[in-house]
Structure formats: structure tokens, C-alpha cells
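Below: the structure, in C-alpha cells.
The values are calculated or read from the model by the stated rules, or taken from the named source; none is laboratory data. None of these values were measured; they are calculated from a predicted model. Using ideal geometry, Cβ is built from the backbone for each residue, glycine included, and neighbour counts are taken over all protein chains shown.
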Amino acid sequence: MDTELSEISTFIRSIPPFDSLPKQVLAHLVRELTINYVRKDDYLPPKGINEPRLYILRKGAISCRSADGELVSRLSEGDLCDAFYHTETNALSNSQTATASQLQVHTDEDCLIYSVEATVLQNIGERFPSISDYFSQNSAQRLKNKMTQVNEEAILSSTLMNTAVSNFYQSPVASINADQTIQQAAMQMNEEGYSCLVVVEDDNPVGIVTDKDIRRRCVATGLVTSAAISEIMTRDMCTIDAKSNAYDALMMMTAKHIHHLPVTKNDELVGMVTVTDLINNEGHNAINLSSIIHKANNLTELKEISQLLPKLQIRLAKLGSSADHVGKSISAITMAFTKRLIEMAEYKYGQAPVPYAWLAAGSQARQEQLAHSDQDNAIIICNSMKPYDDAWFESLATFVCDGLAECGFIYCPGDIMATNPKWRQPQKIWQNYFTDWVETPSPKALLNSCVFFDLETIYGDASLLNKVRKQLLIKTQNSTLFIAHLTKNALNLRPPLGFFRDFVLKQNGKHRATLDLKHNGIAPVVDLARIYALSEGISAVNTIERIQQAAGTPSLTRGSAENLIDAYEFLGMLRVEHQAKELMRGESADNYLSPKEISKLEREHLKDAFKVIKSLQDARQSSY
């Protein structure tokens, strides 16, 4: 292969789905390519080419617009243009006019473009389904395949399966000579705090003895403690190599019914791992952390525990946990901190004068929170409260919000906290709030709706919120005007689909050349899900649950619901992985992702996710 073909081959091999092709097939594909130079402000396909082709942009930039002039996408180096790949789309010409079903592909710069006939790719696709699947599927289908793969990998992943035994064993190994007595062994275990000893002869391990062996084989049988330890030791000692993963160690101990396993390296004894060591590895998970938080005696202890939150998020990301699982785990921890602080406040100030409910708002209520987010909370109080009762609730709010801030959950910049008297009101006032927001959807009312229509009871009488929510959903179902205003407000956040050099990026400032995953990707899905829920009277607050329950209703088809969940989970996965990398570097976690941080294939999936979101936003816009 000459130098030029070699360079082209290297370029094509870097582009999905061609990166999966064997060298011989890739070489055949490269030989079938046509090279085109297209001037700025011209159109594809180039003059004289009429058959269906796939175009691969080598240099330059092109834009794709619908017949009415709306920008569909911008493509740059390495992007594929399949607008003319299928026969039914081949009726386009170089003219600047097109019918409603056609796409105009315009060159924004001088371009070097490779193209290949569709029949060539179809022939290759018959032998390599990944190629035919890629071009036969739309963006939603490609994204679904990706998320299916991700979910399967998450199910198969485990902390222990991905961690070597070398991360767990204790060293050096506590040992005892075979001729020493059982009593001496028991005394050594007691003094050194070990539950087992390796028995050695001439510095060579010959067996193992545990505290259980002393109870079972000595005390229970009446054997004198002056007998040699070798009389009760286990001679056929199981060992495991330090390179083995921790899951194998746990399985071996389970199968052999043992709790201690010596670890070897190059056939030499280097340490001991116990079942407790492996189980304690899970000590950073949400369940155990919540239990530890519940037992905390003061704010100082809570602050120490809160330092584990970033570590938990990193661990979950390493495991390949879904963003939904990470969000629910972190939200459960925040809930535990909040509950413990409320319990401490009630101990300090006495019981509440009347029933109440402490409410979480926003991402915590939706169970989509990540480590050390800002606070969004409120209090709803029984209507029987007296004006002087608010002093108690003010003390409660101050104690809890200050405590959360001490634990790393910063104060809400918008003052949406229970310390603000406006968000610490009786049930009837909250009912009036929601009624006014629905019946008079001013810009401020819509802003409040986006926060307070995502509420969940963290502590106290849940019926106080449930009654308000029930009446709210009756109103929203019957208020097309409110839903229309909420839809218009939600559509202000759009995915960055005007691709140019991959994506529309931040142009300046600290986060220059990055994508805002939260506001341009995740938030639009959250907004859509909220609209679906309010339109259909769905009480769920979690975004995925809202979409799932709205599926098959007039607001959302089942197919669209599945596509939207895939897009949401993929964006969430990228966000969690991005933040984990920042936390591991000792940086604060943010939502600004550089496209250079992810692979070419992930960038393609990201575009697919944005296309899914935009299509559903467009559908919503046309409805209202």
C-alpha cells in the first residue's frame, strides 16, 4: 500500500464503525473510496455523482439543513454524512432549493471529502453485521444498543471482581512455631488482636489455626491448653495468589467454609485476607454509610463521614454503575444526613409543637443528586400551627441547614431553603402557592414550578405533602394554558446540536471548549419528564419513573419513552464518569465535558442522545 493509501487507511480506521473491520477488509474499502474536493458554499453531492453514497469528511466543515432552513447538524473532520446513502434520499441535487422531504448539505469551508458507493458498504455489511447495523439504524436505535451494552456490563461488574487481593490482605502474617502450646497461641492472638495464626516449622508454613479451632478442637473436647498448637491446626492450608481478584478469594472461602485465606506472591507467604476484610470493602456503600450516619452522636462525626461521599461516587463510577443507581445512592446518603440532623435538632429543641414534614426539592427529591450538591429544602406544617410555633421551626431549619452546609452541602444560591420563611409555611399556604403558580403562570411562577413540583418528604408526616400534590395534579391535568407556558419555558434549554468541530462549545471563560452536560442535556430531559407527569397526573418525582409511567399516554409513546430514557442514562453516565475523574484528581466536580475527554464512538453516541432529545422537544413544541 503506497503512502497516500496508508494515510487514508489510518484515518478511516479511526472512525466508527470502520474501526471494527479486519485489515484486509479495510484495505478493500479504502481502494473503493473516491476523493472529492468541494469548494466553500457549494453543495453535496458533488456534480456528476448520482448513485447512493456515504460521504466521509476528511477536512473542512459542512452544515445540513432542512428544506425550511433549520440547522439539523454541522459536521467536521471524521464525521459521516449519510444523507445520500439510501436510495430514497438520493433525489437531491446541487441546487439551493429542495422539497420538504429533502436535506440541503452545504459546504461551510473548502472540503476534502471521501465517498464510497452504498453497494460497497452493503456488501461488506453482509459479512460484518456491525457495519450494516450502524447504517440501517437511526440515532435512537444506535443509542439503545449502546445503553443495553452498558447496563449488561454494570450487572456483571462488581467491586470484588475488579480488585486484586493485594488491595485487601494484611501483612506481615502473624505466625507461631508448631511446638508452641495452644495457650501460647491464644495469648498471642489476644495480645496482637489476630483471629488466626499461621503455624510454621523452620520458617516454612505447615498449617493454620484460628480462634474457632481453639474453641472447637481444644476447649470443647477438653484438650489441655499445654498441648502443642500443631495438634489442632488445619494442615491442608488453602492459599491464593496476590494477583487473583478479591471475588475469587471470597468464592474460595465460601466453598471451603473458611474465614481466613493466606496470600502468596511468587510462592512465598506475604499476607492474610479475611472474609471481614472483603465485606468491609463494601463499607462505603449507601446502606452501610446510612447506618453509620444514623449512629453519629454529633455534627463533628457527621462532617467526618461526609468526606466519604466523593469516594463513594468514585467507586460507583469505577464499577460502571448507572447514573440512576449513583443518583439514588448519593441521594439516600443526603437523606440520611438530613434525618440525623433533624433528630439532633428535636433532641435539642424538644418535640415539634404540631405535625410537619421536612421536604427535599430538586435533584434530591428526584433521587438524582451527586456528591455535595447545594441544598434545596422546605417545610410544610400542619394548619393547626399558631404564629408563635414558627420560632421552633425556624430553629429547626437553621440547625439542619447549617449542619448540612458543614457537611459539604452548600447553601442554595437562590435561597430555596427552609430557613427562608417563604418556604416554611402551613399546608394551606403551600396549597395557595401551587394554585397561584398554575392559574397565573408568570415567569417567576414557572421558575418556582420547576423546583417545587419536584418535592419529596424526607422526615415527618408525609400526608401533608401528599394531599397538596394530589390537588396539584388535578389542576395541572386540566390546565392546558399552564402546560403550554411550562413547555415554552422548558424549551429554552436546547441540546447543542449545531455541531461545528464536533459540538457547540462554550466560547470563553473557565469552561471554554466544553459542553454543559447538565443544562444542555440532562436538564431538558428532566423538564420534559416533569411536563409529561403534570399533564398525565403522575405523582412520581424521579425522572426515569416519570417517563416510564407516561409511556403509552397521549403525552408520550412507548417507543419515544424508551429512547428518551436511553438518552438520559447515557448523558448521566458521561457526567458521572467525568466527575469521578475530577474527584480523583482532587478537583471539584462540575458538569463541563470536553469532547476530547471521550472517544470518537462516545461522541457519536452523544450526538445520537442530543438528536433524541431535540426530536421530543420539537414534538412538544408543535403540540403547544
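Of the residues making up the stretch 393-406, those that are surrounded by fewer than 20 Cβ atoms within 10 Å (Cβ to Cβ) and either within 27 Å of the chain's Cα centre (by Cα) or among the hydrophobic types (A, V, I, L, M, F, W, C) (or both) are Phe399, Ala405, Glu406. Candidates are the residues of the stretch 363-383 that are surrounded by 23 or more Cβ atoms within 10 Å (Cβ to Cβ) and within 18 Å of Val468 (Cα to Cα); the one that is farthest from the chain's Cα centre (by Cα) is Ile381.
When you scan the stretch 370-462 for helices (runs of 4 or more DSSP H) that lie fully inside it, which ones turn up with 1 or more residues that are among the hydrophobic types (A, V, I, L, M, F, W, C) and more than 21 Å from Ala345 (Cβ to Cβ)?
Details: elements: 390-406, 427-439, 443-452.
Passing ranges, in order: 427-439, 443-452.
Okay, residues lined up against (1) modelled with pLDDT of 90 or more; (2) under 47 Å from the mean Cα position of the chain (by Cα); (3) not β-branched (Val, Ile, Thr):
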site	(1), (2), (3)
Arg127	no, yes, yes
Ser136	no, yes, yes
Lys144	no, yes, yes
Glu152	no, yes, yes
Leu156	no, yes, yes
Ala178	yes, no, yes
Gly193	no, yes, yes
Val209	yes, yes, no
Ala227	yes, no, yes
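With respect to the conditions (1) surrounded by 23 or more Cβ atoms within 10 Å (Cβ to Cβ); (2) over 27 Å from the mean Cα position of the chain (by Cα); (3) of a type in the set (Phe, Trp, Tyr), Phe409 falls short on a single one, namely (2).
Could you give every pair whose Cβ atoms fall below 8 Å, whose first residue belongs to the stretch 583-610 and is touching a residue at least 60 places away in the same chain (Cβ under 8 Å), and whose second residue is part of a strand (DSSP E or B) and not aliphatic (A, V, I, L, M), counting only separations of at least 6 or pairs across chains? Qualifying pairs under 8 Å: Asn591/Asp516; Tyr592/Asp516; Lys607/Ser73. Residues of the stretch 173-200 that are outside any loop (DSSP other than H, G, I, E, B), of a type outside the set (A, V, I, L, M) and under 21 Å from Asp277 (Cβ atoms): Ser175, Gln188, Asn190, Glu191, Glu192, Cys196. For the stretch 1-44, a residue qualifies if it is in contact (Cβ under 8 Å) with a residue 60 or more places away in the chain, within 23 Å of Ser599 (Cα to Cα) and charged (D, E, K, R), and exactly one does: Asp19.
None of Lys386, Lys318 is surrounded by fewer than 17 Cβ atoms within 10 Å (Cβ to Cβ) and within 30 Å of Met147 (Cα to Cα) except Lys318. Just one of the listed residues (Ala249, Ala332, Ala323) is within 29 Å of Ala361 (Cβ to Cβ), buried (at least 20 other Cβ atoms within 10 Å of the Cβ) and at pLDDT 75 or above, and it is Ala323.
Mind counting the residues in the stretch 84-125 that are of a type in the set (Gly, Ala, Ser) and modelled with pLDDT under 80? Even if it seems obvious, please write down each step before you answer.
Applying the first criterion (of a type in the set (Gly, Ala, Ser)) to the stretch 84-125 yields 91, 93, 95, 98, 100-101, 115, 118, 125.
Add one more test, that the residue is modelled with pLDDT under 80, and what stays is 91, 93, 95, 98, 100-101.
Within the stretch 84-125, residues that are of a type in the set (Gly, Ala, Ser) and modelled with pLDDT under 80 number 6.
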